[in-house]
Amino acid sequence: MAQLFAHSIYGRPTSEWEPLPLHLARTGARAAANAGAFGWESMALLAGLLHDIGKCSPEFQDYIASPPEGGRKGPNHSSAGAVEAVRIFGPVLGRILAHVIAAHHAGLADGAPLFEALEKAPARIPRYTGWEEASGALPALTELAPKRPMRSGQHPGFSQAFLIRMLFSSLVDADFLATEAFHGEARGAPTARGGHASIATLNARLRTHMVALASASAGPVAALRAEVLCHAVGKAALAPGLFTLTVPTGGGKTLASLSFALEHAARHGLRRVVVVIPFTSIIEQTAAVYRKALETEDDVLEHHASFDWERPEPETRDARDKLRRAAENWDAPVVVTTAVQFFESLFAARTSRCRKLHNLAGAVIVVDEAQMMPLGLLRPCLAALEELALNHGASVVLCTATQPALRKQDGFEGGLDIGPERELAPDPPRLYAALKRVAVERLPLPVEDAVIVARFAEQAQMLCIVNTRRHARALFDAVRHLPGAVHLSTLMCARHRSSVLAAARQRLDSGEPARICSTSVLEAGVDISLPEVWRAAAGLDSIAQAAGRCNRNAEIAQGRVVVFEPADPACRAAPELRTAWDVARDVLPRHADPLGLEAVRDYFGTLYWNRGAEALDALEVDGGRGVLAAIRARAKGMEFPFRSIAEAFRFIEDAMRPVVIPFDAQAEEALAALAAMDKPAGAWLRRLQPYVVSMPRRLRAAWLAQGALAPVHDALGDGLLRLENRALYDGVCGLDLDGLGLMDASATVF
């Protein structure tokens with residue numbers, strides 16, 4: 001029998017090509033190692049041994065031996081392994097494997113059409129004679145049981161569907177790495193991977209940093225932060241699972257949660273820490289804090305969701321094209337990512353988005369500001385977090401200043417089972433009382449902008465957070481003549497906002513005027529403190545976050561937080577925020593302390609329970625309502641609608657698209673380097689993340705047609721555009737969406 005190859009290098013002798021048996025063995029071994037953290041090594045090994053057996057066909061071997069012809073697509077080689085998996089291993093394990101193998105290039109499919117297609121596949125795909133010799137001996141059916149028994153969660157079928165995702169991730173990442181290794185060896189330049197500091201080393205560095213930080217800090221707030229840190233780290237010996245960390249803003253939860261996570265990981269042999277941040281706007285700040293504390297640049301990976309440059313492409317004969325589809329696999333000891341990237345990946349179908357999922361097994365996952373999960377996706381998001389802890393060896397920390405009522409113990413049907421002993425903060429009610437630094441007042445009547453402008457004139461250091469970008473700009477235009485006036489919104493790229501914030505902090509520290517008009521981009525996680533904060537009507541959690549920017553370090557006896565409803569209807573909250581404000585407005589009068597734990601629990605309980613279970617899993621999937629219902633309905637035949645779920649699951653509305661702003665010399669350098677490349681390199685694309693502004697899809701298309709935007713690289717098409725017309729970016733307020741007279745209505749929201 002002629003030798004079979006997995007990958008070729010055209011123009012080089014076949015002795016330098018990759019034999020198919022070697023690729024299958026390497027991929028199987030890597031997949032098994034990936035799945036080891038959640039106990040399904042044998043299934044992952046089997047997926048790796050079968051995934052490319054379709055390459056045994058004469059048609060595929062002729063294809064990879066032929067000259068490349070403009071990215072010509074090769075014969076189907078993914079169906080063969082799926083067909084054999086079902087034939088050999090039956091309707092349960094075989095169908096699990098079939099989902100994984102059939103998807104390893106095209107992404108996860110809906111189960112019903114997939115299995116219908118596989119039944120017809122033998123008559124439609126090239127014959128793959130000799131695959132048994134290429135794959136070698138397969139694990140026996142008796143060897144496929146997991147190393148750890150699967151425990152049943154609250155939602156029928158969800159554990160099985162989630163397992164398929166994790167096995168898919170294990171295979172896709174293994175296939176990528178095996179292919180990458182072959183091409184690296186062929187070029188004589190192997191790709192450098194790994195080499196990160198150990199969890200133990202990073203934990204030791206953080207301990208040293210926290211000791212130094214404590215010795216340099218004084219006062220009652222510093223003492224309470226030290227108490228929170230000590231108590232959280234003291235809980236690290238508890239068994240992996242679900243935890244809460246309930247600390248009011250300014251209580252030091254950013255470093256306390258990291259300290260617990262690293263100590264917990266070191267004690268239990270967990271592999272990494274993944275920190276999930278609600279907003280892209282603060283991910284850079286958080287990562288910078290971690291790098292300083294851990295004395296490292298390379299061990300903290302930022303993974304934004306500002307843009308996604310990996311596009312689905314057909315498999316071409318040059319397997320290096322395939323490598324372009326792969327995103328980060330999160331193989332770093334500390335990962336800082338956005339809630340959008342994290343949760344959308346957990347319900348994705350594409351190879352590039354799912355590749356990293358297996359690295360969540362055996363990880364400590366800190367979900368910062370957990371109350372930011374969208375109401376319509378709340379139950380599936382909680383189900384995924386529960387599953388990671390239940391069957392994949394992860395620990396999950398719900399870390400928040402306004403702990404939502406997400407536990408069974410709070411009376412939330414379908415909530416997480418987190419007992420009081422799993423709370424990492426010491427006596428949260430006492431903490432909230434001790435860290436109360438502001439008084440909240442609600443203005444009874446709608447407020448004209450002139451009232452806010454007049455108060456800005458009286459108060460030299462003040463922040464006003466509003467609900468729309470247009471309102472923030474209008475307020476700023478009304479006060480920009482005053483000393484220290486500052487504008488902040490998501491129409492400014494992150495690097496621009498960072499520089500403006502740094503200047504504002506400097507003015508605050510030196511006692512100079514600082515008058516800030518902002519959208520909620522300044523609300524969560526930004527380390528800034530002013531004596532007075534005004535917040536336009538929103539949910540109680542948003543009000544509490546805004547209050548966290550007031551008198552943050554107890555610089556004065558008591559800060560002032562003013563909650564108001566804008567008089568202009570166009571400046572009021574969007575529908576989702578309006579619902580939250582309706583609840584907050586009812587809850588506020590019922591509590592002496594509107595930011596206390598009782599008020600917060602009352603607010604979230606009303607917000608969640610009044611809506612009902614269906615409203616907390618509201619996506620239209622597979623002809624019905626809800627992700628969990630769609631999975632349950634298809635569980636019996638393993639016909640899970642993966643693609644339909646992925647298409648519906650959007651953490652935020654998919655109406656915005658990215659534009660890169662050539663804001664400074666570093667942005668210009670990255671754009672120039674990318675434009676000169678044959679193929680855009682991911683490392684250089686990542687350098688552009690701090691320079692992205694999202695704008696409405698339709699307006700972006702109009703700007704592109706008028707030449708105001710241009711592709712960053714021809715290969716990316718309109719997937720990633722740069723601003724060509726510099727006059728459309730204001731050095732103070734950011735992108736001028738009305739600069740060409742084509743303002744889109746969606747630009748009014750943040």
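Derivation of every value follows stated rules applied to the coordinates shown; laboratory data play no part. Given the structure is predicted, the values throughout are model-derived calculations rather than measurements. Here the Cβ positions follow ideal geometry from the backbone for every residue, glycine too, while neighbour counts run over all protein chains shown.
Fewest first, what order do Tyr691, Tyr63 take by the number of other Cβ atoms within 10 Å?
Arranged by neighbour count, lowest to highest, Tyr691, Tyr63 become Tyr63, Tyr691.
Here is the link list: Lys73/Lys636; Lys73/Lys120; Lys253/Lys408. Which ones come out longer than 26 Å on Cα distance?
Listed pairs above 26 Å: Lys73/Lys636.
Please list, by residue number, every one of the trypsin sites (Lys or Arg not before Pro) in the range 594-633 that is coil in DSSP and has at most 15 other beta-carbon atoms within 10 Å.
Values: sites: Arg601, Arg611, Arg625, Arg632; in loops: Arg611.
For trypsin sites (Lys or Arg not before Pro) across the range 594-633 that sit outside H, G, I, E and B with at most 15 neighbouring Cβ atoms in 10 Å, the list is empty.
Under a point-charge model restricted to the Cβ atoms of Lys and Arg (+1) and Asp and Glu (-1), what is the dipole moment magnitude of the range 156-266 relative to its Cα centre, in debye to the nearest 20?
For this selection, approximately 320 debye.
Could you tell me how far the Cα centroid of the range 136-201 sits from the Cα centroid of the range 457-524, in Å?
Spelled out, the Cα-based centre of one part sits 46 Å from the other.
Applying a 10 Å radius around every beta-carbon, put 157-164, 495-502 in order of their mean neighbour count, most first.
The most tightly packed comes first, giving 157-164, 495-502.
Round to the nearest 10 and give me the degree value, 0 to 90, for the angle of helix 20-35's Cα axis relative to the longest principal axis of the chain.
Value to nearest ten degrees: 30.
Going by the alpha-carbon gyration tensor, a ≥ b ≥ c the square roots of its eigenvalues, is the range 5-187 rounded (a/c under 1.5) or, if a/c is not under 1.5, prolate (a/b greater than b/c) versus oblate? Present the calculation step by step, with values, prior to reporting the outcome.
Numbers: a/c = 1.99, a/b = 1.53, b/c = 1.30.
It is prolate, given that a/c is not under 1.5 and a/b is the larger ratio.
Taking the number of other C-beta atoms within 10 Å as the exposure measure, put Trp40, Trp684 in order starting with the fewest.
Lowest to highest Cβ neighbour count: Trp684, Trp40.
Can you tell me how the range 339-384 classifies by the Cα gyration tensor, rounded, prolate or oblate, using a/c under 1.5 as the rounded cut?
Note, shape of the range 339-384 comes out oblate.
If you put +1 on each Lys and Arg Cβ and -1 on each Asp and Glu Cβ, how big is the dipole of the chain around its Cα centre, in Debye rounded to 20?
The calculated dipole for the chain is roughly 560 debye.
Based on the alpha-carbon gyration tensor of the range 153-217 and its eigenvalue square roots a ≥ b ≥ c, which shape applies: rounded if a/c is under 1.5, prolate if not and a/b is larger than b/c, or oblate?
oblate
Please list, in chain and number order, the residues 5+ apart from Asp730 or on another chain whose amide H is under 5 Å from its amide H, with Hs placed from the backbone.
Amide H to amide H, under 5 Å and 5 or more residues apart or across chains, Asp730 pairs with Leu735, Asp736.
Non-local amide H neighbours of Leu416 (under 5 Å, H modeled in plane, Pro and chain starts lacking H): which ones?
Arg407, Lys408
On a 0 to 90 degree scale, rounded to 10, what angle separates helix 253-268 from the longest Cα axis of the chain?
30 degrees
Through the Karplus equation 6.51 cos²θ - 1.76 cosθ + 1.60, θ set to phi - 60°, convert the phi angles of the range 342-359 into ³J(HN,Hα) values in whole Hz; use x for Gly and Pro.
Each residue's phi maps through the Karplus curve to give 5, 6, 5, 5, 5, 10, 7, 10, 5, 4, 5, 7, 8, 4, 7, 4, 4, 7 Hz.
Need one number: the % of Cα-Cα pairs in the chain sitting beyond the 48 Å mark.
Roughly 19 percent, rounded to a whole number.
What is the helix-to-structure angle for 111-120, meaning the angle in degrees between its Cα long axis and the longest Cα principal axis of the chain, kept from 0 to 90 and rounded to the nearest 10?
Computed tilt is about 10 degrees.
Tell me, Ile516, Ile652, Ile64 in order of fewest to most beta-carbon neighbours within 10 Å?
Ile652, Ile64, Ile516
Please give me, ordered by residue number, the GluC sites (Glu not before Pro) of the range 1-103 that lie in loop per DSSP and have at most 14 other Cβ atoms within 10 Å.
Glu69
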